[in-house]
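*Asks:* Got a structure here, written out as structure tokens. Questions coming.
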Amino acid sequence: MNLGDSLRGLREFWTEFSRVKSGLVGVAILFVFVFLGLFGQWLIPFPDAMHHWQDITYWEDNPQAAPPAWTNWFSAKKGVPSSDLVNPKVDVTKGDNDVTIKAFTFDFHFRYDLAPKDLIVKLAGNGPIPAKIEIDRPDGTVGEIWRDQLNLAPGQPERISLSRSTADGALNFVQSQNQDIASTIDPTLIKPVTVMFSKIAPDMETNPVALKGDYKIVVTELIPSSDYSIDTPTIEVSGHVSGILGTDKSKRDIFTGIVLGIRWALIIGILTSVISVVVGVFLGIVAAYFGGAVDWIVTRIYELVYLLPVLPFLIVVSAIFKPSIWTLIILICLFFWTGSFKTVYSMALQIKEETFVEASRALGSGSWRIIVKHISPILLPYSFASMALAIPSIIVYEASVSLLGLGDASIVSWGQILQAALTQGAVINNLWWWVIPPGLSIALMGMSFAFLGTALDKILHPKLKTR
Amino acid sequence: MYGKYVLRRAIYGIMMYIVMIFVYSTLFNSVADSTQRSLIDEQVAQEALGWKNLTPAQRNVRIAARKADKISQYHLDDPLPSRIFFRSVRTLTFDFGNSTTIKASNGDRLVIGIIGEALPRTIVLFTTEVALVTLVGVAMGLYAGRRPNGLFDRAVSTLTMITNGLPAWWLAMLAIMAFSYNIPIFPSGGLHVNPAPTGFHGILDYLWHLSLPLLTLFVLGVWSTAYLVRNIVLSNLQEDYVMAARARGVSETKVLFGHTLRTSMPAIMTMAVLGLFSSIAGNIIVEGIFNWPGIGNLYFEAVQQNDVPILMSTLAIETLLTMVGFVLLDIIYGFLDPRIKVGGKA
């Protein structure tokens with residue numbers, strides 16, 4: 001077959017394929033998945049998440065179990081979406097004796113009904129730095145809520161969570177505004193961030209009303225001498241809603257997890273099905289072609305594997321040997337080659353008797369040459385359809401093993417996300433944004449391959465199209 | 001002639017079963033040995049508490065002797081092949097023995113008792129589901145096959161492809177979230193409310209707990225069965241005798257039910273029989289999510305607690321049933337189609 005022939009064949013195939021609508025839908029979905037799998041790295045908000053998925057400190061600035069940002073459209077009380085405040089306005093004041101005072105002013109437009117869960121100020125630099133944090137409220141009041149001496153060292157940034165370390169500052173602020181209201185607040189239960197973003201009112205502890213408007217958060221740092229330095233601080237707003245798909249209980253961004261999972265689902269699905277179909281086709285041809293003892297042995301192995309219950313077996317082997325993802329792929333292959341074996345076997349039995357095989361043998365071709373050159377090319381198109389059709393259940397098997405906590409914990413797969421959801425009570429607590437997206441991704445990817453495989457099957461086996 | 005064929009299939013099935021038990025036994029060998037050894041250590045330490053009037057040296061000697069005794073009693077000092085062999089033989093003779101940690105509800109550790117407790121629950125859920133799915137699926141498949149590429153046929157094909165890659169356990173999670181927490185009309189899992197009601201009320205309560213898992217599995221499973229039946233029917237509708245029947249003026253309904261359904265029966269029956277036999281294994285994850293204490297749940301509990309006798313016995317029973325299903329089908333085929341038993345190769 002020369003290049004022109006194969007191009008023409010490809011074009012004919014495409015004309016026929018484009019008539020099967022479900023096949024086109026499958027290819028379209030698959031295309032989106034492949035695109036996200038390849039370039040998703042640059043679209044997700046946490047690009048290094050792949051290596052830090054299990055790392056608690058990497059995720060510590062996110063809110064816990066926050067619903068997706070777009071849920072605000074449907075809820076009566078709008079929550080603050082999580083965001084970063086960067087590029088503050090800088091005011092530099094030179095003091096005596098080489099002292100420099102830098103004030104960083106962050107604008108925060110607060111238009112929501114619920115105060116942020118937390119504000120995290122990140123300070124980096126080098127040296128003993130006294131610092132303070134003030135909040136300028138839209139009602140004109142100013143509260144200095146935090147003041148301390150920091151010992152900063154390069155590479156060890158200081159992380160100040162306002163909800164944890166500003167209880168005294170917030171109480172002082174309320175006292176400076178209204179002594180009576182302050183006396184109603186229990187100092188051990190005070191929620192400083194809520195206080196700072198609420199109206200000063202008699203029942204502000206039990207029923208806070210958000211004070212909407214433009215806030216200014218001023219971080220002032222004093223640099224004792226030119227031996228020392230500071231970097232520009234940043235503030236992370238930890239809100240009630242977060243990102244495209246929310247966060248889980250370990251504060252991980254679910255959208256990031258879903259996008260990272262695409263890559264593994266594609267790798268697991270495609271690699272496993274290609275290996276197992278190639279093995280199945282090869283063994284089917286070999287058994288049919290050689291017959292006799294080879295046939296007997298291969299068929300007995302086939303029957304043995306066919307009878308083994310797949311999931312119980314995978315679970316028990318995973319529990320005993322704790323496989324990595326690559327071992328798991330090989331394990332699944334051990335079961336899935338049977339899927340294409342029987343059909344190929346019976347097809348190869350027929351092809352083996354065709355005259356062109358006989359002619360080739362008469363011309364002196366060896367067995368392997370006949371298998372590779374004459375029989376395999378006829379069965380190859382069939383194997384593409386079975387590859388695509390095998391992928392959905394392969395992905396489900398990996399997800400099932402992961403769901404039981406027996407998968408490879410070093411990868412980010414949809415099964416791993418669902419396992420965390422199941423064990424940490426996402427179902428009971430109705431955290432739907434943690435349960436629906438990973439399962440839907442599994443279903444969508446399975447569906448796209450099933451559409452593709454069925455379309456291929458329809459073209460290659462036109463018998464089932466009409467009656 | 002037919003008797004000889006039946007005998008040959010049965011012997012072949014039994015031999016396959018024996019080989020598979022050996023495979024399981026080899027797989028479980030290392031786990032079983034380490035679990036058994038730690039169990040012996042525990043037992044001997046317990047016994048040693050009773051030996052009061054011994055010097056520490058005598059005591060240690062006696063502990064070592066007891067351990068050696070027990071180890072030889074459980075064949076742990078035998079060479080590896082013989083250990084695998086004896087475990088296989090015990091399983092093959094249905095001598096399942098005691099579990100290592102899991103107990104039945106009456107505190108008994110007899111494996112047969114534990115499995116006997118879990119099996120009916122799985123049958124109630126999964127065998128009912130397979131039976132329902134088969135009945136409704138055949139009806140739907142026939143209906144879809146009557147008008148290929150019609151609206152219903154395309155719906156069945158599309159839904160089959162969608163449910164193909166849909167994990168049943170995920171649908172179970174969604175079902176619980178939707179119908180147990182958001183719209184609380186079904187319980188989230190378990191067999192009955194606590195304390196269990198008795199009499200007629202108890203039956204109603206059991207059915208109420210059964211409905212959500214049953215519905216979930218049914219909604220997921222029915223499409224692929226319908227699609228399979230549709231394909232079987234369609235491929236038979238292309239046979240010459242159907243064309244001949246149509247040419248004779250036989251009505252379309254009669255062609256479908258009289259001719260096609262009849263020739264499709266062996267394939268549909270294969271599907272049904274294998275489905276029913278394999279339903280006994282339950283579903284490990286779905287049972288876990290619905291907290292349904294059947295065979296699947298028992299199996300996973302055994303995996304977590306390294307309870308090899310339970311693992312070995314559940315797998316053996318499941319495999320035996322599948323094997324019986326296959327052999328039974330072969331025998332029925334041989335009866336229906338005399339060509340098979342002569343050719344030997346189906």
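*Asks:* Given Cα pairs under 8 Å that are at least 6 residues apart, what percent is the relative contact order of chain B?
*Replies:* It comes to 26 percent, rounded to a whole number.
*Asks:* From zero outward in steps of 5 Å, how is the percent of C-alpha pairs of segment B:28-99 spread across the bins?
*Replies:* Cα pair-distance distribution for segment B:28-99, in percent: 3, 14, 22, 21, 15, 10, 8, 5, 2, 0.
*Asks:* Any chance you could get the radius of gyration and Dmax over the Cα atoms of chain B, in Å?
*Replies:* Calculated on Cα positions, Rg and Dmax stand at 26.3, 100 Å.
*Asks:* Among B:Lys4, A:Lys122, A:Lys21, which comes first, then next, by fewest other beta-carbon atoms within 10 Å?
*Replies:* Least to most surrounded, the residues fall as B:Lys4, A:Lys21, A:Lys122.
*Asks:* Taking each pair of different alpha-carbon atoms in chain A once, compute 1/r for the pair, average those values, and report the inverse of that mean as the Kirkwood hydrodynamic radius in Å to one decimal.
*Replies:* About 27.1 Å, per the Kirkwood formula over Cα pairs.
*Asks:* Count, for each residue of A:307-319, the Cβ atoms from other chains sitting within 10 Å of its Cβ, then give me the mean as a whole number. It would help to have the intermediate numbers written out before the result.
*Replies:* Values: counts 11, 7, 9, 0, 6, 13, 4, 0, 7, 11, 1, 1, 7.
Mean shielding by partner chains, rounded to a whole number: 6.
*Asks:* If we count every other residue with Cβ under 15 angstrom of A:Arg263's Cβ, Lys/Arg +1 and Asp/Glu -1, where does the sum land? Could you put the intermediate results ahead of the total?
*Replies:* Working: positive: none; negative: A:Asp48, A:Glu398, A:Asp408.
Its environment carries a net charge of -3.
*Asks:* For the pairs A:Lys117/A:Lys212; A:Lys117/A:Lys216; A:Lys89/A:Lys251; A:Lys102/A:Lys216; A:Lys89/A:Lys216; A:Lys78/A:Lys191, note any where the Cα-Cα span goes beyond 22 Å. Write down the numbers at each step before the final one.
*Replies:* Details: A:Lys117/A:Lys212 15 Å; A:Lys117/A:Lys216 17 Å; A:Lys89/A:Lys251 30 Å; A:Lys102/A:Lys216 15 Å; A:Lys89/A:Lys216 10 Å; A:Lys78/A:Lys191 19 Å.
Violating the 22 Å Cα-Cα cut-off are A:Lys89/A:Lys251.
*Asks:* Treating only the Cα positions of segment A:288-332 as identical point scatterers, give the base-10 log of I(q)/I(0) from the Debye formula at each q in 0.14, 0.16, 0.22, 0.34 Å⁻¹.
*Replies:* At q = 0.14, 0.16, 0.22, 0.34 Å⁻¹ the computed log10 ratios are -0.48, -0.58, -0.77, -1.12.
*Asks:* Under a point-charge model restricted to the Cβ atoms of Lys and Arg (+1) and Asp and Glu (-1), what is the dipole moment magnitude of segment A:367-467 relative to its Cα centre, in debye to the nearest 20?
*Replies:* 680 debye
*Asks:* Something else about it: State the Kirkwood hydrodynamic radius of segment A:1-135 in Å, one decimal place, computed from all pairs of distinct Cα atoms.
*Replies:* Values: mean 1/r = 0.0465 Å⁻¹.
Taking every pair of different Cα atoms in segment A:1-135, averaging 1/r and inverting gives 21.5 Å.
*Asks:* Measuring from centroid to centroid over Cα atoms, what is the spacing of segment A:2-74 and segment B:75-89 in Å?
*Replies:* 51 Å
*Asks:* Could you state the number of Å between the C-alpha centres of segment A:390-422 and segment B:172-187?
*Replies:* With segment B:172-187 and segment A:390-422 each reduced to a Cα centre, they are spaced 23 Å.
*Asks:* Quick check on the exposure proxy: order A:Val396, B:Val324 from fewest to most C-beta atoms within 10 angstrom. Intermediate values should be presented prior to the final figure.
*Replies:* Details: A:Val396 24, B:Val324 15.
Ranking A:Val396, B:Val324 by Cβ neighbours within 10 Å, fewest first, gives B:Val324, A:Val396.
*Asks:* Here is a follow-up. Would you report the distance distribution of C-alpha pairs in segment A:332-410 as whole percents per 10 angstrom bin, up to the bin with the largest distance?
*Replies:* Answer for segment A:332-410: a P(r) of 15, 35, 23, 15, 9, 3 percent.
*Asks:* Using all C-alpha to C-alpha distances in the protein assembly as shown, build P(r) with 10 Å bins and read off the rounded percent in each one.
*Replies:* In order of increasing distance, the bins hold 2, 10, 16, 19, 17, 13, 10, 7, 3, 1, 0, 0 percent.
*Asks:* Angle check, please: helix A:432-460 long axis (alpha carbons) against the longest principal axis of chain A (alpha carbons), in degrees 0 to 90, nearest 10.
*Replies:* Between helix and principal axis, roughly 20 degrees.
*Asks:* Cut-off 10 angstrom, C-alpha nodes, Gaussian network model of chain B. Which of B:Ser313, B:Ser30, B:Ser278 fluctuates the most?
*Replies:* Of B:Ser313, B:Ser30, B:Ser278, the Gaussian network model singles out B:Ser30 as fluctuating most.
*Asks:* Still on this structure, please answer the following. How large is the dipole of chain A about the Cα centre if only Lys and Arg carry +1 and Asp and Glu carry -1, each at its Cβ, rounded to the nearest 20 debye?
*Replies:* So the magnitude is around 2240 debye.
*Asks:* Work out which helices of chain B, taken as complete DSSP H runs, extend at least 20 Å along their axis over the Cα atoms and score a mean Kyte-Doolittle of 0.0 or more, then list them.
*Replies:* Working: long enough: B:2-48 (63 Å, 0.34); B:56-73 (25 Å, -0.96); B:128-146 (27 Å, 1.24); B:199-237 (51 Å, 1.09); B:261-279 (25 Å, 1.15); B:308-336 (41 Å, 1.89).
Within chain B the helices that satisfy the rule are B:2-48, B:128-146, B:199-237, B:261-279, B:308-336.
*Asks:* Summing Lys, Arg as +1 and Asp, Glu as -1, what charge do residues with Cβ under 14 Å from the Cβ of A:Val316 carry, A:Val316 excluded?
*Replies:* Working: positive: A:Lys322; negative: B:Glu301, B:Asp307, B:Glu318.
Net charge in that neighbourhood comes out at -2.
*Asks:* Provide the net charge surrounding A:Gly143, with neighbours chosen by a C-beta distance below 13 Å and charges set as Lys +1, Arg +1, Asp -1, Glu -1.
*Replies:* Working: positive: A:Lys132, A:Arg137, A:Arg147, A:Lys216; negative: A:Glu134, A:Asp136, A:Asp139, A:Glu144, A:Asp168.
Net charge around A:Gly143: -1.
*Asks:* To test your reading of the geometry: what angle, between 0 and 90 degrees and rounded to tens, separates the Cα axis of helix A:325-336 from the longest principal axis of chain A?
*Replies:* Approximately 30 degrees, to the nearest ten.
*Asks:* Within the P(r) computed for segment A:213-314, what percentage of the Cα pairs occupies the region above 16 Å? Could you put the intermediate results ahead of the total?
*Replies:* Working: 4073 of 5151 pairs.
The proportion of pairs with Cα distances above 16 Å equals 79 percent.
*Asks:* Could you give the alpha-carbon Rg of segment B:103-253 over 2.2 N^0.38 Å, rounded to two decimals?
*Replies:* 1.42
*Asks:* Cα axis of helix A:3-17 to longest principal axis of chain A: angle in degrees, 0 to 90, nearest 10?
*Replies:* Rounded to the nearest ten degrees, it is 70.
*Asks:* Another question, if that's okay. What translational diffusion coefficient, in µm²/s and rounded to a whole number, does the Stokes-Einstein relation yield for segment A:140-201 at 10 °C and a viscosity of 1.306 mPa s, taking the hydrodynamic radius as the Kirkwood radius over Cα pairs?
*Replies:* Values: Rh = 12.8 Å.
Estimated via Stokes-Einstein, D reaches 124 µm²/s.
*Asks:* Cα centroid distance between segment B:143-162 and segment A:288-309, in Å?
*Replies:* 35 Å
*Asks:* Here's a follow-up. Over segment B:82-140, with a single point scatterer placed on each C-alpha, what log10 of the ratio I(q)/I(0) does the Debye formula yield at q = 0.12 1/Å?
*Replies:* Result of the Debye calculation: -0.50.
Quick note: the coordinates plus some simple rules give every number you see, no bench work behind them. Fair warning: this is a prediction, and the values are worked out from it, not measured in the lab. Note: ideal-geometry Cβ built from the backbone for every residue, glycine included; neighbour counts use all protein chains shown.
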